Amino acid sequence: MSDNRGLDDAPGIPDVDLTRPSIARVYDYVLGGKDHYEIDRQVSGALFAAVPETSQLALDNRNHLRRAVTWLVREAGIRQILDLGSGLPTAGNVHEIAHAVDPSVHVVYVDIDPIVLAHGRALLDDDDTTTVITGDIRDIDAIFADPAVTELIDTSAPFAVLAASIFHHLSDDEDPYAVAAAITARLSPGSYLLASNFLDDDEPRAKALEKAFLEGGLGTGRFRTWAEQRRFFDGLELVEPGLTYANDWRPDDQTPTESPTHTLYAAGIGRKA
Ligand SMILES: C[S@@+](CC[C@H](N)C(=O)[O-])C[C@H]1O[C@@H](n2cnc3c(N)ncnc32)[C@H](O)[C@@H]1O
């Protein structure tokens, strides 16, 4: 999966507890990146044991994100993007995808994990259009009040909020629907919310992978039904083709439409009227 010459050989990052796995680092490992520790690789083992094609699930999500960001910038005319739970820099970062269409697009990355801030700052050192901050999606007010957000995102004009592969890391008790509603309340007319998530489409692999996420050491990772996921878009109009399997959302010639994890991931984009 990786040659492991990543974080193991790097100087320590403040506030990182090496005895606890991190979602961002586990995701990086599953995607074949280098930013992970032994504890993350151990936890990932439980995921692969449950569903061996778990990496494809992450790749399906990244592929959807690429198409969705391209659509938002090219077709919907979006020039400001707030990416919540953005993750570690990886192949095809959101600002790179957006800038391939228009280099002036503003992007603010937000993640709870301090390692994302450290790596993002290094990557974005000389980029005036894009920044990264630490924030918790459960506190939407604080994110929108952050000076980096107020500087780069004019919330009186249309903007897009990306919630890719993040609501499923909130438990039912953390009420991801209330988080989505708080985001929607902040959207100006013509703005968009992307949500993509693990899907419980009534197949055993979804249950097995959810169990591995919840009980395999990470403690987070809910597979939600179509009906549950539609609630993320309350108050918004779903753009065509609606809430679908991620690979069915405006597929292009790079979309893995024959993916073995096709039925385990759903995605949609809602528009505020
Ligand atoms: C699976 S990754 C998704 C990364 C990227 N959005 C993507 O779709 O490829 C989930 C990310 O959400 C972050 N995260 C988890 N809980 C969070 C929270 N409460 N607030 C902000 N970020 C959070 C994790 O640190 C991780 O980087």
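The values are calculated or read from the model by the stated rules, or taken from the named source; none is laboratory data. Not measured: the values here are computed from a predicted model. No Cβ is skipped: glycine too gets one built from the backbone with ideal geometry, and neighbour counts run over all protein chains shown.
Of note:
- Hits in the stretch 137-173 (condition: surrounded by 13 or more Cβ atoms within 10 Å (Cβ to Cβ), β-branched (Val, Ile, Thr) and more than 9 Å from the ligand (Cβ to nearest atom)): Ile140, Val149, Ile153, Thr155, Val161
- Residue in the stretch 219-232 that is in contact (Cβ under 8 Å) with a residue 12 or more places away in the chain, at positive phi and within 15 Å of the ligand (Cβ to nearest atom) present: yes
- The single condition from (1) away from the ligand (no atom under 11 Å from the Cβ); (2) at pLDDT 95 or above; (3) closer than 28 Å to Asp40 by Cβ; (4) not acidic (Asp, Glu) that Leu194 fails is (1).
- Residue tally, condition surrounded by fewer than 22 Cβ atoms within 10 Å (Cβ to Cβ) and either part of a loop (DSSP other than H, G, I, E, B) or modelled with pLDDT under 95 (or both), over the stretch 87-109: 7
- Some residue of the stretch 83-99 being under 15 Å from Ile269 (Cα atoms) and more than 10 Å from the ligand (Cβ to nearest atom): no
Each row is one residue, and each column tells you yes or no for (1) away from the ligand (no atom under 13 Å from the Cβ); (2) part of a strand (DSSP E or B); (3) β-branched (Val, Ile, Thr).
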residue: Leu18; (1), (2), (3): yes, no, no
residue: Pro21; (1), (2), (3): no, no, no
residue: Ala24; (1), (2), (3): no, no, no
residue: Leu47; (1), (2), (3): no, no, no
residue: Val69; (1), (2), (3): no, no, yes
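- Tyr27 being at pLDDT 95 or above and surrounded by 14 or more Cβ atoms within 10 Å (Cβ to Cβ): yes
- Of everything in the stretch 174-193 that is polar (S, T, N, Q) and over 17 Å from Arg231 (Cβ atoms), the residue that is surrounded by the fewest Cβ atoms within 10 Å (Cβ to Cβ) is Ser188.
- Phe213 vs. criteria more than 19 Å from Ile81 (Cβ to Cβ) and part of a strand (DSSP E or B): no
- Entry remark, the stretch 242-256: residues being free of Cβ contacts under 8 Å to residues at least 24 places away in the same chain and within 20 Å of the chain's Cα centre (by Cα) number 1 in total.
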